[in-house]
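What follows is a short report on a single structure.
Nothing in this text is a laboratory measurement; each read-out follows from the coordinates by a stated rule. Remember, predicted model here, so these are calculated numbers, not experimental data. In this analysis, Cβ positions are derived from the backbone assuming ideal geometry, glycine residues included, and neighbour counts consider all displayed protein chains.
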Amino acid sequence: MHAARDTRPAHVAVLGAGPAGLTAAWELLRAGIRVTVVERRAALGGLGGTTAWEGKDGTYRFDFGGHRFITANRDLMQLVDDLLGDDLLTAERHSVIRFRGRTYDYPLSLGNLLRNAPPGLLAGAARDVLAMSLKRPEPGHDFASWTTAMFGPTLYRTFFAGYTQKLWGVPPEMLSADWAEQRISLMDLREVARLLLPGGGRGPRTYARRYRYPRHGFGVIFERLARRLEREGATLATGTRVTGLAEGEAGVCAVLTDRGPIPCDGVISTLPLPQMQEMAGGGPSGLRFRGLRFLNFPMRMENVSPYTWQYLSDDTLPATRLQEPRRRSPEMAPPGMTSLMLEIPCDPGQPLWSGDDHALMDRMKPGLAALGIDMRRWTGEVWGARAAQAYPLMTLGYAEDRARAFAHLARWPNLVQCGRQGVFRYIFTDTAMEMGQMAAAMLISGRDMRAQIHDHRNERNVIEAQSIA
Ligand SMILES: Cc1cc2nc3c(=O)[nH]c(=O)nc-3n(C[C@H](O)[C@H](O)[C@H](O)COP(=O)(O)OP(=O)(O)OC[C@H]3O[C@@H](n4cnc5c(N)ncnc54)[C@H](O)[C@@H]3O)c2cc1C
């Protein structure tokens, strides 16, 4: 048993230089605490980073999947505003689902469904509404039964089943309903039907249409934050991989890295929870991530489409989303040009993960042409990127594995996990940053806030923050 901590730490090691880690480091510095941020990559920003590529026609910038900044937290918005000033733009989201040659608004809306869906689909959905109003099905614990209970079998089969299998690589019956409850920006089918009636309602209020985006990519938020940290005296140890933790009398006394130990008396970790459990001697956790491979490619035209995201539901393409970075900021591509990004879910070791970018582009070309994209405008260049731990895979039973990992790490009172990989939750950047702030507050105050941090903004059915943008 370790002694209770009654003083503020003198030197905190922050593990990971993504949004959560950098925000935590900023809060610690403001409280006068020495900070070392340890990051295995050379670049900063983690999954929130942006990469610049030099093409034949100029510079293109790509995020890891095209981010947007939304938050309901005024203080956080102020921090990002201060960092970016005039370089913070406001954009509007317009996303669609592409399926079997048709284009539907995302989130689904009734008017749009009625205009676009084939009669068979509409008849099936209408039958489902009727059946569900006679007997409401109980939403189950798995994704398939939860989504079927909410939207009916017809919409589930059409819009969710195939896409979900492609995204997660496991049958929807094996996924926890937690993911659906927190992430699906839709009302349930009966509510959609109710909106048909005059004065029936105004649509989903939890869906944020407007968002903020830096002129030169999402990652600029974190590049600026990192520069500010350095100016204020933080050490940023990039290109340094954390390999273990050393234990002293009061908890963790040093972080072990491939460049040697870093002595410290407090640790904020944003590293993947399963990795931390193993480093702390807890053995394998059973928790897994889903990876993403990105293909980024320039097009000789100014605009491909008006869409922020196109969700690709057909199984003819292994990609799940297509996006055009210029929809976020016109300066993501050189003048007169635009670019596209394909997101392809796959995991290290699978054939889709390895292999040449050009060969994979060749495989994608027919599917892209079928979406109406004029591939004769492609410059022939392609830049690939990979994120092995893009999404926490919330299979049935994940919550118990997660709880066991936290219990194992709880034995060190001066160690706190936060961030998306750190707490193994599908959270947005603003929540990751808030968790970083809370983790810093915990070490500064000495009050154990770990349970609160791990479940921060875990409200059921809250889908997206109503952005104050
Ligand atoms: C495709 C995609 C789209 C997204 N879109 C949005 C969006 O539109 N809006 C939004 O708000 N959020 C979005 N997100 C979520 C957002 O990216 C994350 O919430 C956010 O990046 C989490 O920040 P973090 O600091 O917790 O984790 P990360 O950004 O993952 O940072 C963790 C850091 O730890 C480092 N690390 C890992 N292991 C080690 C080690 N052993 N040693 C040293 N360093 C290590 C990693 O390199 C990384 O830099 C999206 C995510 C994805 C994948």
Q: Mind jotting down a quarter of the surface of the convex hull over the alpha carbons of region 310-359, in square nanometres, one decimal?
A: 4.7 nm²
Q: Please report Rg over Rh for region 348-413, where both radii come from the alpha carbon positions and Rh follows the Kirkwood definition.
A: 1.25
Q | In sequence order, calculated HN-Hα J values of region 372-381 (Karplus, 6.51, -1.76, 1.60; Hz; x Gly/Pro) | A | x, 8, 7, 6, 5, 7, 5, 6, x, 8
Q | Alpha-carbon Rg/Rh ratio, for the chain, with Rh computed the Kirkwood way | A | 0.98
Q) Looking at Trp309, Ile427, Asn112, which one has the Cα that reaches farthest to the positive end of the dipole of the chain (charges on Cβ: Lys, Arg +1; Asp, Glu -1)? A) Asn112
Q.
Taking the alpha-carbon distance from Lys135 and a cut-off under 19 Å, which aspartates and glutamates remain once sequence neighbours fewer than 8 residues away in the same chain are dropped?
A. Asp188, Glu191
Q. Roughly how big is region 108-194's charge dipole about its Cα centre, with Cβ charges of +1 (Lys, Arg) and -1 (Asp, Glu), in debye to the nearest 20?
A. 360 debye
Q | Amide H contacts under 5 Å for Arg210, placed H, 5+ residues apart | A | Arg93
Q: Express in whole angstrom the spacing between the alpha-carbon centres of region 16-42 and region 218-234.
A: 9 Å
Q: Count the DSSP beta bridges whose two residues both fall in the chain, then state the antiparallel fraction as a percent rounded to the nearest 5.
A: 75 percent
Q. To the nearest 20 debye, what charge dipole does the chain have about its Cα centre, counting +1 at the Cβ of each Lys and Arg and -1 at the Cβ of each Asp and Glu?
A. 920 debye
Q: Would you mind pulling out the separation of the Cα centroids of region 271-292 and region 297-322, in Å?
A: 33 Å
**Q.** Low-density loop cleavage sites - chymotrypsin sites (Phe, Trp or Tyr not before Pro) in region 1-81, where at most 13 other Cβ are within 10 Å (DSSP)
**A.** none
Q: Please provide three numbers in whole Å: the alpha-carbon extents of region 108-194 along the principal axes, with the largest listed first.
A: 31, 27, 20
Q: Give the Rg (one decimal place) followed by the Dmax (whole number) of region 282-346, computed from C-alpha coordinates and expressed in Å.
A: 15.6, 54
Q | region 216-304: GluC sites (Glu not before Pro) in DSSP coil with no more than 11 other Cβ atoms inside 10 Å | A | Glu249
**Q.** Relative packing of 167-178, 107-118, which averages over residues the other C-beta atoms within 10 Å, highest first
**A.** 167-178, 107-118
(Q) From the helices alone, meaning DSSP H stretches of at least four residues, give me the mean residue ellipticity at 222 nm for the chain, per-run term -39500 (n - 2.57), in deg cm²/dmol to the nearest 500. (A) -9500 deg cm²/dmol
Q) Which three semi-axes in whole Å describe the equivalent ellipsoid of region 1-107, each the square root of 5 times a Cα gyration tensor eigenvalue, listed largest first? A) 36, 19, 16
Q | Debye-sum result for region 44-102 in log10 I(q)/I(0), which assumes one identical scatterer on each alpha carbon, at q = 0.12, 0.19, 0.21, 0.29 Å⁻¹ | A | -0.48, -0.98, -1.07, -1.25
Q | Equivalent ellipsoid semi-axes, region 50-170, via Cα gyration tensor eigenvalues times 5, rooted, Å | A | 38, 20, 16
